[in-house]
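Contents: one structure, followed by commentary.
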Amino acid sequence: MLSGGASAMTAPMAASAQVEPVASVDGRVRRGERSREAIVAALFELIGEGVPRPTAQQVAKRARVNIRTVFRHFSEMESLYAALDSRLRGELRGLLEGGPPRAGIEARATALVRQHCEVFERIAPYKRSSNSKRWGSRFLTEAHRELVRELRNRLLLWLPELSHASTEARNAIELLTSFEAWDRLRSDQRLGRNAARTAIEHAVIAVLARG
């Protein structure tokens, strides 16, 4: 009976001893996830505010975490880049909804340019930031290539007439509707949003007219 009683008493204690470490690990995991989310949010906000390469100190202050926590997560920059990219894409979905309008080629070209310009204005601080780090990151390099492919596919979807245009015209319009063209007008030529958009619209329509 004593043997049986001892077994009955030690069994719950053993179970309790097993549960506590699991709960402790789960708690650490959740804290780590919250810290990571705070760091991603801090990076997203700081870059969006025009800080292309936030320091660990800036991120720690904004995220309200220990700077050692930031350094630990900064060792996984590729996954942080992916998290930032996913967050930005989520915000852009509404801007990219809908297909080309049923209209003539000039009206469709104008609508496409306006949509691209809206998107470019939103992603500008993040694209500038990623461009400054792209050559040291496999993820950012592939994300850039994917953006180029997406813009080219949208161009052919909205303006299928380009499939019959000259190679020179297709290349010129792809350049004109790129982020790089928009950023040159906004950053280097210091044009306002409307002036930059109007310049691109004018150039695209001129190229289309020549074929």
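What follows draws every value from the coordinates through simple rules; no lab data is involved. Fair warning: this is a prediction, and the values are worked out from it, not measured in the lab. Ideal geometry is used to build each Cβ from the backbone, glycine not excepted, and the neighbour counts take in all protein chains shown.
Under the Kirkwood approximation applied to all pairs of distinct alpha-carbon atoms, what is the hydrodynamic radius of the stretch 131-211 in Å?
Mean inverse Cα-Cα distance, inverted, gives 13.9 Å.
Which FRET efficiency, nearest 0.05, do Arg64 and Leu96 yield, Cβ-Cβ r, R0 25 Å?
Working: r = 33 Å, r/R0 = 1.33.
Result of the calculation: an efficiency of 0.15.
Tell me the relative contact order for the chain as a rounded percent, counting alpha carbon contacts under 8 Å between residues six or more apart.
Details: 133 pairs, mean separation 36.9, N = 211.
Reported as a whole number, the value is 17 percent.
Can you compute the FRET efficiency between Glu174 and Glu49 using 1/(1 + (r/R0)^6), with r the Cβ-Cβ distance and R0 = 35 Å? Round to the nearest 0.05.
Numbers: r = 31 Å, r/R0 = 0.89.
It comes to 0.65.
Any idea which of Val204, Leu157, Ser75 is furthest toward the positive side of the dipole for the chain, if Lys and Arg beta-carbons carry +1 and Asp and Glu beta-carbons -1?
Ser75
Would you mind calculating the gained length between Ala206 and Phe74 on full extension (0.36 nm times residue separation, minus the Cα-Cα distance), in nm to one decimal?
Values: separation 132, 0.36 × 132 = 47.52 nm, distance 4.69 nm.
Full-extension gain reported as 42.8 nm.
How would His164, His202, His144, His116 line up from fewest to most surrounding beta-carbon atoms within 10 angstrom? Walk me through the numbers on the way to the answer.
Details: His164 9, His202 13, His144 16, His116 24.
Neighbour counts put them in this order, fewest first: His164, His202, His144, His116.
Give, in nm to one decimal, the length gained when the segment between Ala103 and Thr198 is fully stretched (0.36 nm per residue of separation minus the Cα-Cα distance). Before the final figure, lay out the partial values.
On the way: separation 95, 0.36 × 95 = 34.20 nm, distance 1.92 nm.
Full extension from Ala103 to Thr198 adds 32.3 nm.
Label-point separation (nm) for Ser187 and Glu161, each offset 7 Å from Cα along Cα-to-Cβ?
3.3 nm
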